[in-house]
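The values are calculated or read from the model by the stated rules, or taken from the named source; none is laboratory data. Nothing here was measured: the structure is a model prediction, and the numbers come from that model. Cβ atoms come from the backbone with ideal geometry, glycine included; neighbour counts cover every protein chain shown. The protein model used for the area step is the full one, side chains on, heavy atoms only, and it has no ligands, DNA or RNA in it. Shrake-Rupley method; radii C 1.70, N 1.55, O 1.52, S 1.80 Å.
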Amino acid sequence: MTRVTGRGERGGRKVGPMTSTDSAAQKAPAKDPWDLPDVSGLVVGVLGGTGPQGKGLAYRLARAGQKVIIGSRAADRAQAAADELGHGVEGADNAETARRSDIVIVAVPWDGHGKTLESLREELVGKLVVDCVNPLGFDKKGAYALKPEEGSAAEQAAVLLPDSRVTAAFHHLSAVLLEDPEVEEIDTDVMVLGEERADVEIVQALAGRIPGMRGIFAGRLRNAHQVESLVANLISVNRRYKAHAGLRVTDV
């Protein structure tokens with residue numbers, strides 16, 4: 001006798017409605033947040049690479065084996081700084097640095113931030129931009145945070161570079177430690193912000209190329225203001241304790 005399988009049965013086995021537990025069990029496992037891409041073959045450009053912060057980052061990344069180009073308004077000034085750093089670092093003007101790089105770190109002074117990015121909008125199309133600029137003011141009481149109209153330096157970069165992939169990172173690093181060849185490791189975490197997970201993970205991986213550093217996801221660009229502002233507090237810490245303080249995120 002031929003059996004007809006009715007509704008709710010498959011091959012004689014009755015099948016009930018799928019529950020939320022069943023659905024959850026079928027979902028792919030969560031991605032390991034520490035499974036980061038290999039960025040060793042990417043070229044990193046540093047705009048403002050002749051200043052202490054940019055020069056220090058360029059030195060650390062190049063020392064770790066990354067290909068680095070220092071950018072400046074004057075190519076000869078950039079090349080002089082590159083020659084000083086060694087480790088295969090090259091120097092070029094800002095436009096050439098942006099064109100030749102896969103990742104572009106923005107380490108220019110805050111007062112020149114907007115004009116610099118506006119002038120490089122075409123060269124930065126499609127590039128992964130990492131803004132590490134901290135809008136700060138100084139008076140006799142010390143450093144204090146400024147609030148850009150767009151919300152933060154990183155958000156200003158996103159507005160000025162609509163065709164770039166803007167992230168924010170490397171805000172809380174001591175230029176003194178970065179530039180010191182006697183310092184083997186930089187004991188700190190780097191808070192990385194951005195809109196696309198893939199872009200954030202590239203920057204996390206780049207931070208991790210420097211011995212002692214970890215890149216930690218810290219939210220979207222709308223949260224960049226408080227990350228940039230924290231530098232004012234670190235400056236106060238450093239002055240009081242004669243230190244070069246950084247940050248560590250616990251339990252991750």
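What is the calculated FRET efficiency for residue 230 to residue 196, with r their C-beta to C-beta distance and R₀ = 25 Å, to the nearest 0.05?
0.60
When the listed pairs 55/115; 67/115; 31/55; 67/242; 67/140 are checked against a 29 Å cut-off, the alpha-carbon distance exceeds it for 31/55; 67/242; 67/140. Within the assembled protein chains, the solvent-accessible surface assigned to residue 196 is about 110 Å², based on a 1.4 Å probe.
Legend: residues 179, 122, 185, sorted from most to least accessible area (1.4 Å probe; ligands, DNA and RNA excluded), read 122, 185, 179. Considering only 101, 212, 176, and ranking their Cα positions along the charge dipole of the chain that arises from unit charges at the beta-carbon of Lys, Arg, Asp and Glu, the one farthest toward the positive end is 212. Taking the 1.4 Å solvent-accessible surface of region 80-159 as the whole, the part contributed by carbon and sulfur is 46%.
Residues in the chain average 54 Å² of solvent-accessible surface per residue, probe 1.4 Å, ligands and nucleic acids excluded. Amide H to amide H distances under 5 Å link residue 190 with 214, 215, 216, where only residues 5 or more positions off or on other chains count and H is placed in the peptide plane. In order along region 143-158, phi translates into HN-Hα couplings of 7, 8, 7, 9, 10, x, 4, 7, x, 6, 4, 5, 5, 5, 4, 5 Hz, rounded to whole numbers, per the Karplus curve 6.51 cos²θ - 1.76 cosθ + 1.60 with θ = phi - 60° and x for Gly and Pro.
Counting DSSP beta bridges with both partners in the chain, what percentage is antiparallel, nearest 5? Looking only at bridges with both residues in the chain, the antiparallel portion is about 25 percent.
The magnitude of the dipole of region 98-252, with charges of +1 and -1 set on the Cβ of Lys/Arg and Asp/Glu and taken from the Cα centre, is near 400 debye. Extension gain, residue 122 to residue 64: 0.36 nm times the residue separation minus the Cα-Cα distance gives 17.9 nm.
For region 143-196, the orientation-averaged shadow of the C-alpha convex hull comes to 5.4 nm² (one quarter of the hull surface).
To the nearest 10, the accessible area of residue 250 is 110 Å² with a 1.4 Å probe. Extension gain for the segment residue 184 to residue 136, taken as residue separation times 0.36 nm less the Cα-Cα distance, is 14.4 nm to one decimal. When the charge dipole of the chain is built from unit charges on Cβ atoms (+1 for Lys and Arg, -1 for Asp and Glu) and taken about the Cα centre, the candidate among 56, 75, 227 whose Cα reaches farthest toward its positive end is 227.
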